[in-house]
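In what follows, a single structure is set out as C-alpha cells and then discussed.
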Amino acid sequence: MEKYFAEKIKIHLNDDDFDIVFLDSTDSTNTYAKRLAQNGAKEGTAVIAKSQSMGRGRLDRSFLSLPSKGIYLSLVLRPDFPVAEINSVTLLSAMAVYDTIFELTGKKPQIKWPNDVYLNGKKICGILTESSVNANHRADYIVVGVGINISHSPDDFPDELKKIATSLLIETGVDYDISESVAKLLKNFKKYYKDFPDNKKQMLSEYSERLYCLDEKICVIGLDNSYEAILKGIDDNGYLKVLTLDGEEKNVIGGEISIRPL
Ligand code: BTN
C-alpha cells in the first residue's frame, strides 16, 4: 500500500488510541483482525485494506471490495461489558457510519436494522460484527468490520447489485478521499464507543429515528416464515419493534432475520 494512504489516515486521525495495520490486499479484514485478536492484538487495532478478495457479509453473503473504491476496515475491541451488549456494537457502528456520511456529504442516510446503511434507498455500507466469548460470558474480543462504497461508478457493480447498491460518488458526484473518510469514521466510532454502555439509551433512541422504513410496511423474513408488518423502531435491547398487520406488537431479534420494504 502506498505510504501516503497510511500516513494520511494517521495525520487526519491524530489519535494514539488506534493502531493501524495497512494491507494492500487480503481475503477479509475481519478474518485478518480476528487472527490478530487471537494473538493478543490490543483494543483499537484497526485493519484497513485497499481491497479484499473474499469480503464477507452477514448471512454468508459476500461483500464487493474492489481495489481503492471503498473503505474495508475491521476494528479489534476488548470491551469489559457482558455478552448481551455485543449486538449494540453493530448498532453503534452504524451510528458512526451515519455521522461520517452526513459530515462528508450533508446528506442524511438511513440505517437498515441491524447492520446496513442506505443512502437514497440503496445500500452504501454493511457492517459485520464477530466475537469470541470466554467462559465468564464476557467478550474476549469483538471484531467490527465496516465496508463503505466510496468511489464506485454504476458500472463497477455487477448486474445483481446495480439496483440495490450505491456509492458516495454515485450519490453526490464527488470522489471522496478514502484516508480522510477512514479517519472521520474512526473518530465517530470513538465518540459513541467511549461512553458505551452509559450512553446506550440515548444512542438507541437516535438510532430509532434514523431507521430505514420507519413507520412503513416491511416484510420480516425469518428462516422458516416471513410476514408483513409496520416497522415501529427499536427497543431498549436494540431489537426491532414491529406491529403485525393484525395489530400484534412483536420484537424481532437479530440472528437469521432480515427485513425488506414492500
Ligand atoms: C453485510 O453486508 O452484511 C456486511 C458487510 C461487511 C463488509 C465489511 S468490509 C470490512 C470487513 N471485512 C469483511 O470481510 N467484511 C467486513
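The values are calculated or read from the model by the stated rules, or taken from the named source; none is laboratory data. These numbers come from a predicted model, not from an experiment. Note: ideal-geometry Cβ built from the backbone for every residue, glycine included; neighbour counts use all protein chains shown.
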Original post:
Which pairs do you get when a residue that is closer than 17 Å to Ile148 by Cα, found in the stretch 11-32, comes within reach of a residue that is aliphatic (A, V, I, L, M) and part of a helix (DSSP H, G or I), reach meaning Cβ atoms under 9 angstrom, with the pair 6+ apart or on two chains?
Top reply: Phe22/Ala6; Phe22/Ile9
Original post:
Just a yes or no: is a residue in the stretch 248-262 among the polar types (S, T, N, Q) and over 30 Å from Asn39 (Cα atoms)?
Top reply: yes
**OP:** Having 2 or more residues that are closer than 21 Å to Glu85 by Cα is the bar; report the strands (runs of 3 or more DSSP E) wholly within the stretch 164-262 that clear it.
**Re:** 226-234, 240-244, 249-252
Original post:
So Ile111 fits all but one of (1) at pLDDT 95 or above; (2) buried (at least 17 other Cβ atoms within 10 Å of the Cβ); (3) part of a helix (DSSP H, G or I); what number is the exception?
Top reply: (3)
**OP:** Being of a type outside the set (S, T, N, Q), touching a Ser or Thr at 6+ places or on another chain (Cβ under 9 Å) and not in a strand (DSSP E or B) is the filter; apply it to the stretch 14-37 and report the residue that is surrounded by the fewest Cβ atoms within 10 Å (Cβ to Cβ).
**Re:** Asp27
**OP:** Being over 19 Å from Cys125 (Cβ atoms) and either surrounded by 14 or more Cβ atoms within 10 Å (Cβ to Cβ) or not small (Gly, Ala, Ser) (or both) is the filter here, so list the residues in the stretch 205-218 that pass it.
**Re:** Asp215, Glu216, Lys217, Ile218
Original post:
Which one is farthest from Gly70 (Cα to Cα) among residues in the stretch 128-140 that are away from the ligand (no atom under 15 Å from the Cβ) and in contact with a strand residue (DSSP E or B) (Cβ under 8 Å, 6 or more places away or on another chain)?
Top reply: His137
Original post:
When the residues of the stretch 38-62 are filtered to those that are more than 14 Å from the ligand (Cβ to nearest atom) and part of a loop (DSSP other than H, G, I, E, B), which remaining residue is surrounded by the most Cβ atoms within 10 Å (Cβ to Cβ)?
Top reply: Ala41
Original post:
Taking Val133 and the conditions (1) under 25 Å from Thr31 (Cβ atoms); (2) surrounded by fewer than 19 Cβ atoms within 10 Å (Cβ to Cβ); (3) in contact (Cβ under 8 Å) with a residue 60 or more places away in the chain; (4) of a type in the set (A, V, I, L, M), which numbered condition does it fall short on, given that it satisfies the others?
Top reply: (3)
